[in-house]
Amino acid sequence: MVQRIVVLGIDGLEYNLVEEWNLKYLKQKAYSKTDLSDFEVVVTPPIWASMLTGTRIPEIEAPFIKRHRLIANRGSSSRVKSPWYVRLGAKILPLPVRRKIGDFIIKRTTGDPFERTYDYLLRTKKYRTVFDYFERSWTNGVPSYGRNVSTPEVKEVMKEAIKGNLKPLVEYAMRTYETDRKALFEALDGDYELIFWYTPFLDELSHFLIRKKLKLMNVYIDLNKLVKRVSQKLEEGDVLYVISDHGMEPIPGDPRGGDHSDHGFFSSNTGETIEKPQDLFKLIVEKAKRNEKA
């Protein structure tokens, strides 16, 4: 019988870097590269929502699809086609001008999709989530389930980073990581059947450090140690999954340096693997039902 299930959700964890640096605790007993081809837009809230519910949520994905029509340089992060005038503007207009025009149009047409969707699953209760299958569950907030990863503070430090000042971003991201990490270990000492932990800090850093791999490697090594520490707190029968929504890749012309890759990461201490992020829901629910029968 499964004692408890612990999910470590690390936004932006790149499969290829875990493989390149052979981070064995992140890899665990088995690991896989998840396929994101079902999603028109590779962006945080829709993918995490699919993990929690086992399905794509059109109400969460739609605002991001509209928004991505206005973005010219996206790498592998979107299959949405931009209108001709957006592609032309990307070629002939300076970046500051493009950004001002883009911000104006987005405010008038789509609003802030992160703000609109960050608590959608909690607010509407339209879809069952993994938390509905457990009497005692915990989360520190997951995008679409109470966590907004695009707050005014995040936007401000991102703007500074684009200008070349990375210090505020690094300080903010590491402060977020420390807060999330502290909450995780407090939860591990609690009496929970399901712990679904989430942190966005790696995504925030990786947009700007994906071309500075030595600096990024230090962060990955720290995450590898984190998984080791969590593993040491588990008892026999406890399940540990590590998952990301997407990874990160360098994008030529992107003012940040990189954007989301077209795949995510998954690993388990049980030997299980998944093909798509939404498959996580089935793994968790099956174990919940098995425990109920026991």
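The values are calculated or read from the model by the stated rules, or taken from the named source; none is laboratory data. Here the structure is a predicted model, which means the values were calculated and not measured. Heads up, the Cβs are rebuilt from the backbone with ideal geometry, glycines too, and the neighbour counts pull from every protein chain shown. Surface accessibility is based on the protein's heavy atoms, side chains included, excluding ligands, DNA and RNA. Shrake-Rupley method; radii C 1.70, N 1.55, O 1.52, S 1.80 Å.
Tell me, what is the 1.4 Å probe accessible area of S137, in Å² to the nearest 10?
40
Please arrange T151, T117, T273 by accessible surface area, largest first, computed with a 1.4 Å probe and ligands excluded.
Result, largest first: T273, T151, T117.
May I ask you to order 279-285, 22-28, 175-181 by the average number of other C-beta atoms within 10 Å around their residues, highest value first?
Per-residue mean Cβ counts within 10 Å order the peptides as 279-285, 22-28, 175-181.
Carbon and sulfur together cover what percent of the accessible area of the stretch 200-292 at a 1.4 Å probe radius?
Whole-percent figure for carbon plus sulfur exposure: 47.
Which whole-Hz couplings ³J(HN,Hα) result when phi for each residue of the stretch 50-65 is put into the Karplus expression 6.51 cos²θ - 1.76 cosθ + 1.60, θ = phi - 60°, listed in order with x for Gly and Pro?
5, 5, 6, 10, x, 8, 6, 10, x, 5, 8, 6, 4, x, 6, 5
Which aspartates and glutamates, if any, have their Cα less than 19 Å from the Cα of K159, not counting same-chain residues under 8 positions apart?
By straight Cα distance, K159 reaches D103, D112, E115, E171, D203, E204, D254, D259.
Starting at the first residue of the stretch 38-46, write each ³J(HN,Hα) from the Karplus equation 6.51 cos²θ - 1.76 cosθ + 1.60 with θ = phi - 60°, in whole Hz, x for Gly and Pro.
Per-residue couplings from phi come out as 5, 9, 5, 10, 8, 9, 3, x, x Hz.
Check the straight Cα-Cα distances from K282 and name the aspartates and glutamates below 14 Å, setting aside those fewer than 8 residues away within the same chain.
By straight Cα distance, K282 reaches D132, E272.
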